[in-house]
Amino acid sequence: MELRQLEYFRVIAETESIHEAARRLNMSQPPLSYQLKQLEAELNVTLFERTRQGVRLTEAGKLLYTRAKSMLELRRITEEELAVCSEQTSGTIRLGVISSVGCSLLPQWLKSFHLQYPQIHFSLYESDTYQILEKLHQDRVELALVRSPFSAEGIQKVSLQTESLMAVGHHSFFSDADTISLKELAERPLIIYRRWEHILNQTFRTLELPVSYFCVNEDARTTVYWADAGLGIGIVPESACSLLQNPETRIVPISDSLPDTTIYLVRREQAYLASHT
């Protein structure tokens with residue numbers, strides 16, 4: 001299996017047409033079909049189903065497509081790093097960042113760095129902590145900004161900022177008190193992102209409080225935007241509150257003990273970090 005074959009396969013998968021893929025690859029259709037058959041024969045699987053409209057990935061094809069994208073991305077990254085080593089030119093830092101930091105703290109943090117190193121560019125990969133760490137271990141990013149808790153096995157980390165979880169929502173969901181308890185929160189329509197679901201479930205269970213979430217989602221920004229629209233109370237890290245825009249949305253500390261969350265800058269142990277000079 002060659003990288004060239006994987007590139008052919010990727011283009012066919014994304015166009016769902018051997019004819020269109022051949023056009024994009026600037027080659028004729030018969031050699032492309034031959035390369036696809038060779039790849040299927042080598043792997044002993046059928047990668048595409050033929051349809052009237054074109055071709056569609058099989059389950060085996062979907063798996064290979066995911067792997068092929070990673071391998072081709074790794075090739076591109078390696079070529080860029082080798083170019084930096086050989087030419088000693090300015091480069092691009094591949095930075096993984098969680099959404100709650102990428103749209104709030106990161107732009108401010110980078111201001112002074114950019115003033116000192118204006119020739120350094122960035123390629124951002126935004127996702128949740130676990131997916132960002134996976135990219136780090138795959139060497140698809142050089143550095144990452146993630147939140148605790150997470151497994152630190154095989155990585156080096158530097159603590160940047162520790163903050164509390166806050167309750168945010170329309171003022172009508174809150175009393176006049178300066179704080180809100182978990183007992184009160186359990187009785188409100190809660191909006192959380194999946195990062196905190198396990199921790200909150202454990203805490204509510206320990207306090208013997210039944211809870212039913214109005215919305216569980218994948219992104220801190222979604223939690224903030226839904227809360228800002230008055231749909232319920234969101235539970236988010238304090239820095240994410242900077243995304244709120246509705247003047248009727250309150251930010252209220254939670255009186256009960258919840259774990260703080262720390263933002264870390266991490267890199268893989270013994271990983272190559274491109275020299276940017």
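The values are calculated or read from the model by the stated rules, or taken from the named source; none is laboratory data. Everything numeric in this text was worked out from a predicted model, so none of it was measured. Positions of Cβ are generated from backbone atoms using ideal geometry, with glycine treated the same way; all protein chains shown enter the neighbour counts. Note: accessible area is taken over every heavy atom of the protein model, side chains too, but ligands, DNA and RNA are not part of it. Shrake-Rupley method; radii C 1.70, N 1.55, O 1.52, S 1.80 Å.
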Report task. Please state which one of 174, 214 is of a type outside the set (A, V, I, L, M) and either open to solvent by less than 40 Å² (accessible area, probe 1.4 Å) or within 19 Å of residue 253 (Cα to Cα) (or both). Result -> 174
Query raised in the report: How many residues are surrounded by 14 or more Cβ atoms within 10 Å (Cβ to Cβ) and touching a residue at least 60 places away in the same chain (Cβ under 8 Å) if we restrict to region 118-134?
Result: 4
**Report entry** Any helices (runs of 4 or more DSSP H) falling wholly within region 92-177 and containing at least 2 residues that are of a type in the set (Ser, Thr, Tyr) and touching a strand residue (DSSP E or B) at 6+ places or on another chain (Cβ under 6 Å)
**Finding:** 99-102
Report task. For region 163-180, state whether one or more residues are among the aromatic types (Phe, Trp, Tyr) and modelled with pLDDT under 90. Result -> no
Query raised in the report: Assuming residue 70 fulfils every condition listed in (1) under 30 Å from residue 142 (Cβ atoms); (2) crowded, with 18+ Cβ neighbours inside 10 Å apart from one, which condition is it?
Result: (2)
Query - Residue selected from region 1-45 under the condition over 14 Å from residue 61 (Cα atoms) and of a type in the set (Asp, Glu), by the criterion surrounded by the most Cβ atoms within 10 Å (Cβ to Cβ) - result: 20
Query raised in the report: Condition test on residue 208, is it on the phi > 0 side of the Ramachandran plot, out of contact with any Pro (no Cβ under 7 Å at 6 or more places or on another chain) and open to solvent by 50 Å² or more (accessible area, probe 1.4 Å)?
Result: yes
Report task. Could you pull out the residue among 99, 90 that is modelled with pLDDT under 85, closer than 28 Å to residue 124 by Cα and open to solvent by less than 40 Å² (accessible area, probe 1.4 Å)? Result -> 99
Query raised in the report: Do we find a residue being closer than 22 Å to residue 243 by Cβ and of a type in the set (Gly, Ala, Ser) anywhere in region 183-198?
Result: no
Query raised in the report: Which of the residues belonging to region 141-169 are open to solvent by 50 Å² or more (accessible area, probe 1.4 Å) and either farther than 30 Å from residue 253 by Cβ or of a type in the set (Val, Ile, Thr) (or both)?
Result: 153, 156, 158, 162
Query raised in the report: Quick one: which helices (runs of 4 or more DSSP H) sit completely within region 1-50 and have at least 2 residues that are farther than 21 Å from residue 70 by Cα and either aliphatic (A, V, I, L, M) or under 29 Å from the mean Cα position of the chain (by Cα) (or both)?
Result: 18-25, 29-43
Query - Segments classed as helices (runs of 4 or more DSSP H), wholly inside region 182-277, with at least 2 members that are among the aromatic types (Phe, Trp, Tyr) and touching a helix residue (DSSP H, G or I) at 6+ places or on another chain (Cβ under 9 Å) - result: none
